[in-house]
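The values are calculated or read from the model by the stated rules, or taken from the named source; none is laboratory data. Every value quoted in this text rests on a predicted model; they were computed, and no experiment measured them. All Cβ positions, glycine included, derive from the backbone under ideal geometry; neighbour counts span all protein chains shown. The protein model used for the area step is the full one, side chains on, heavy atoms only, and it has no ligands, DNA or RNA in it. Shrake-Rupley method; radii C 1.70, N 1.55, O 1.52, S 1.80 Å.
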Amino acid sequence: MRRTSSILSTGAYLPSRVLANAELEKMVETTNEWILSRTGIRERRIADEGEFTSDMGARAAEQAIELGGIDPKSIDLIICATCTPDTIFPSTACHIQHKIGATRAAAFDIQAACSGFLYALVTADQFISSGVYQTILVIGAEKLSSIVNWQDRNTCVLFGDGAGAVILQHRPGARGVLSFDLGADGAQTEILSIPAGGCRVPLTPEVLDQRLQFIQMSGKEVFKYAVNAMNRSAEESLEKAGCKPEQIRWFIPHQANQRIVDAVAQRMNVGLEHFVINLDRYGNTSAACMPIALHETNMAGKLDRGDLLLMVSFGGGLTWASTVLEW
Ligand code: UT7
């Protein structure tokens, strides 16, 4: 029988600074009405200048460690999902390892944009099911405010900063991750990307002038692709787990746009009351969305042992990911 992995505890961290839509009205040509009606976002959190992805990831991790009642030195592996690493290398996971004192842990980052956390969770599940590791810290952390073009109203209203974390373990009797689906379409790299800063387009004064070091997105194309891919992936994970949508207590979708969530819910024929939504307060925090939403659901006492959850995400790459897990 497969050695299962399940979530022992969760944690999250959101910077205290709130950037409300009204403030954005003073920065670019936009309105609260447009942002709210087109996205559902009211406000987002912005990290301080000296507060980095690893700081937020470490805060979320420390909470998960405390709530799980474990010693950081018992952690075998840290996987951090992020597309806003502190440094290109060393990995953000290494920075976090030092900050939380998880001196025994191996550490690496995963980059699958907004799908990163679920890619990381599934990777961690493989290490546990193979019997190699017992305790893994999985983090999604982003400082998206550092890669947003604050002059581009098409994108700057959408994103926010934050971090979430889970401790994954094999626990006898707990079924945990039941199924997953991961996918990518590398033919669509151009519709959501940061063109410069890698070896393809090195940073030069001209490149910086053109603001190519920031997120660029064809919103409409990404929107359509997201709805289709999230539905397909969710169905795949449900089928692999042998579950019907009506058995799922909580759907945790990627928090990009309320209209995307509405379309996914409608296609799955599931009422919105079964969907966890916090994008109104945090906007799109990319890889951090899933663990933050999971942690808030957990802290609100809305998770009972045996509950089934479906998490589904979508992002640059293009990438998508989903999992059905038993709490
Ligand atoms: O996490 C990764 C995945 N990302 C996503 O899933 C994002 C997917 N895309 C979306 O959520 C939506 O496409 C957006 C929210 C980005 C845009 O909504 P839309 O309904 O697709 O609007 P649009 O891009 O077609 O723009 C409609 C109009 C345009 O004006 P014209 O050309 O019709 O005159 C835009 O220039 O709205 C304008 N617009 C704005 N107006 C006021 C775009 N951004 C803004 C803004 N404020 N912030």
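Below are the figures for this structure:
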read-out	value
Fraction of accessible area attributable to carbon and sulfur, segment 177-326 (%, probe 1.4 Å)	51
Mean-position separation - Cα centroids, segment 1-60 and segment 261-306, in angstrom	14
Probe 1.4 Å - accessible area at Glu62, Å² to nearest ten	80
Assigned charges on the beta-carbon of Lys, Arg, Asp, Glu; segment 6-169 dipole about Cα centre (debye)	160
Accessible area per residue, Å², segment 177-326 with all protein chains present, probe 1.4 Å	44
Scattering profile of segment 6-169 at q = 0.09, 0.12, 0.16 Å⁻¹ [log10 I(q)/I(0), Debye over alpha-carbon scatterers]	-0.32, -0.54, -0.85
Probe 1.4 Å - accessible area at His170, Å² to nearest ten	50
Segment 118-264, dipole about Cα centre (Lys/Arg Cβ +1, Asp/Glu Cβ -1), debye to the nearest 20	320
